[in-house]
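What follows is a single structure, written as structure tokens, with notes after it.
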């Protein structure tokens, strides 16, 4: 059973995370400072630093929490797949649910670019709990990929197509639809299996 202090600490973290997310959406990741976050939530900066060592660490926790909700539904559904095509479509349904929130997609892309400049942060972001990497794709697809085929290669292809679409979508170009990218990704993966296995 949680103590009053643990409950209060969790409440503080939740309120700081909510304030941070609102500010990231309004100002962007770079322009939202720790001082802005604490001021909006009604806390001193010390409260922030008792929870996280940096704004980057806070963002990674927000990311993990947000993606965890999506992952649970995806992992349950993929158990029902009986082919590579079905598994790919379930994964792309999961990806689509993330794209629908355009503000979140923009924040995630901004943070990804920010992380690309910091070797340690880039390594943390590459962990499977923070993004749908080729490794995660490969793990999800492995039961459906014939022996001798590279699930990692299929994963890398799908990751590249999805992340490219995310950039396209964030720029609000509007030429491509996610459905177009999904169908191309599924067709390419199936063709790769037919031709190389």
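None of the figures in this text is laboratory data; all of them are computed from the coordinates on show. The structure displayed is predicted, hence computed values, not measured ones.
Would you mind pulling out the separation of the Cα centroids of the stretch 42-90 and the stretch 129-168, in Å?
17 Å
Counting each DSSP H run of 4 or more residues in the chain as -39500 (n - 2.57), what helix-only mean residue ellipticity at 222 nm follows after dividing by all residues, to the nearest 500 deg cm²/dmol?
Mean residue ellipticity, 222 nm, calculated: -24500 deg cm²/dmol.
Relative to the longest principal Cα axis of the chain, at what angle does helix 178-196 sit, 0 to 90 degrees, rounded to 10?
Long axis of 178-196 versus the principal axis of the chain: about 50 degrees.
For the stretch 1-51, report the translational diffusion coefficient in µm²/s to the nearest whole number, using Stokes-Einstein at 25 °C, 0.890 mPa s, and a Kirkwood Rh over Cα pairs.
Values: Rh = 11.2 Å.
The estimated diffusion coefficient comes to 219 µm²/s.
Give the label of the value calculated from the structure for Rg/Rh (Cα atoms, Kirkwood Rh), choosing from [x] 0.99; [y] 0.96; [z] 1.03.
The calculated read-out lines up with [z].
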